[in-house]
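**Student:** I'd like to ask some things about the structure below.
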Amino acid sequence: MFKVMFHEPRIPPNTGNAIRMVAGTGCELHLVGPLGFDLSEPKLKRAGLDYHDLASVFVHENLEAAWAAVKPNRVFAFTAHATRSYADVAYERDDVLLFGPEPTGLSDETLADPHITDLLRIPMLPGRRSLNLSNAAAVATYEAWRQFSFDGSV
């Protein structure tokens, strides 16, 4: 289905929640280092509950290694600085949904990466900085999956 990519995630429970989300949607989770935690972190395990064996999770040393492994056709980087809404995209299978670290988001250098197709935002009320990382990933993933009529779901 889709590839959810967390660039340098910092908070274990957010990654644990994302593990549950990709297990439930059939997507892949790609974690790009350096990670701000150890993958054996108890908070990560607790948030992911018993979904770890049902999820497709890949760890990449850095962004260059992730691009080499994933070989993306389209990459959508999520940032509060974008003007285009995530809901205005016609998603395709194998699209990469890229999210930045908590609390800073994607750096300007990362946003300038030539692999990135477009910058997207999730609408919020004025004066709010951002959504929680795992919530933002879930909102975007479910919109992309919705466009495929939740293919494979029950």
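**Student:** In percent, what relative contact order does the chain have, based on Cα pairs under 8 Å that are 6 or more apart in sequence?
**Tutor:** Result for the chain is 28 percent.
**Student:** Mind ranking 89-97, 106-114, 63-71, 7-15 by how tightly packed they are, going by the mean number of other C-beta atoms within 10 angstrom, highest first?
**Tutor:** Packing proxy ranking, top to bottom: 7-15, 89-97, 63-71, 106-114.
**Student:** Considering only protein heavy atoms and a 1.4 Å probe, what is the carbon-and-sulfur percentage of the accessible area of the chain?
**Tutor:** Here carbon and sulfur together make up 51 percent of the probe-accessible area.
**Student:** Ranked highest first by average number of other Cβ atoms within 10 Å, how do 125-137, 21-33 line up?
**Tutor:** On the way: 125-137: 14.8, 21-33: 20.2.
Final packing ranking: 21-33, 125-137.
**Student:** Compute the accessible area per residue over the range 67-130, keeping the other protein chains in place, probe 1.4 Å, unit Å².
**Tutor:** Each residue of the range 67-130 exposes 58 Å² on average to a 1.4 Å probe.
**Student:** Would you indicate which of (i) 0.93; (ii) 1.01; (iii) 1.28 is the value of Rg/Rh (Cα atoms, Kirkwood Rh) derived from the coordinates of this structure?
**Tutor:** This structure yields the entry labelled (i).
The values are calculated or read from the model by the stated rules, or taken from the named source; none is laboratory data. Quick caveat: nothing in here was measured; it's all calculated off a predicted structure. A quick note on method: Cβ atoms are made from the backbone with ideal geometry, for glycine too, and the neighbour counts reach across all protein chains shown. The protein model used for the area step is the full one, side chains on, heavy atoms only, and it has no ligands, DNA or RNA in it. Shrake-Rupley method; radii C 1.70, N 1.55, O 1.52, S 1.80 Å.
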